[in-house]
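These notes are about the structure you will find just below.
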Amino acid sequence: MLKLPDFVAVDLETTGLDFEKDEIIEVALVRFVDSKPTESVDFLVKPTEAVLRPFIESLTGISKAELENSEDFASVAGKICSFVGDLPLVAHNATFDSKFLKRTLAKVGVPYDDHVFWDSLTLSRIAYQDMPNHRLDTLVQALGIERSRAHRALPDADACGRLFVMAYEKISQRDPWLMDAIIRV
């Protein structure tokens, strides 16, 4: 079995799904070394303009008061980049997280376009083809991955990283040709 490189799992909570007008309100990062979580950070982020809708507040459990006492994104951008370093980032539905994170970092003058993102959603679709869907909630429950709370960035980032490791290990044991193709991609 090929050794999985170290990586950082990331999850974002946002005020909505629109990359142009919505903002990040929470960023969590979990570093995985030798396929195990070793360190994590979690930042609540004060939005500059976006309104925290009641639905998002209810879904995440993040209150307006918590966000008002948080740092703005420009203040945490350097901490995020420092924690990640050169390690690849892993996200569930990485297109969303990478686009949101890269655009938000660009807004505060931090270029991040070339950073590598891997997708636990894609890997889970290959490894667990018999699942009814590949939402993180479904996979966490079906695979027995521990998670303290859904729709909070830190437990979701940790679960995403664990799912990525499980899917990688399952694929690497099953099909060497497929594993080689995935590594090249």
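Side notes on the structure shown:
- Residue order for 135, 184 - accessible surface, 1.4 angstrom probe, largest first: 184, 135
- Shown is the FRET efficiency for residue 174 and residue 58, computed with R0 = 45 Å from the Cβ-Cβ distance and rounded to the nearest 0.05: 0.65.
- Between 0 and 90°, nearest 10: helix 153-174 axis offset from the chain longest Cα axis: 20
- Each residue, residue 106 and residue 48, gets one label point 7 Å from its Cα in the Cβ direction; the gap between the two is 1.4 nm.
- Solvent-accessible area of residue 59 with every protein chain in place, 1.4 Å probe, in Å² to the nearest 10: 60
- In this calculation the C-beta distance from residue 21 to residue 68 is compared with R0 = 22 Å, giving a FRET efficiency of 0.65.
- Per residue, in Å², the accessible surface of the range 1-60 once ligands and nucleic acids are set aside, probe 1.4 Å: 51
- Theoretical ellipticity at 222 nm over the chain - DSSP helices of four or more residues, -39500 (n - 2.57) apiece, nearest 500: -14000 deg cm²/dmol
- Between 17, 121, 136, the Gaussian network model of the chain with springs among Cα atoms under 10 angstrom shows the greatest mean-square fluctuation at 17.
- Carbon/sulfur fraction of accessible area - the chain, other protein chains in place, 1.4 Å, %: 52
- Label zone at residue 79, where the point sits 7 Å out along the Cα-to-Cβ direction: the range 39-57 residues whose backbone N lies under 11 Å: 41-46
- Test item: Cα-centred dipole of the range 1-117, Lys/Arg +1 and Asp/Glu -1 on Cβ, debye: 180
- Answer label for semi-axes √(5λ) of the Cα gyration tensor in Å (calculated), chosen among (1) 34, 20, 13; (2) 29, 18, 14; (3) 32, 17, 13: (2)
- Length-normalised contact order for the chain - Cα pairs under 8 Å, 6+ apart - percent: 25
The values are calculated or read from the model by the stated rules, or taken from the named source; none is laboratory data. The structure presented is a predicted model; accordingly, all values stated were derived computationally and were not measured. Cβ sites come from the backbone with ideal geometry, for glycine too, and all protein chains shown count toward neighbours. Each accessible area value is taken on the protein alone, full model and side chains, heavy atoms only, with ligands, DNA and RNA left out. Shrake-Rupley method; radii C 1.70, N 1.55, O 1.52, S 1.80 Å.
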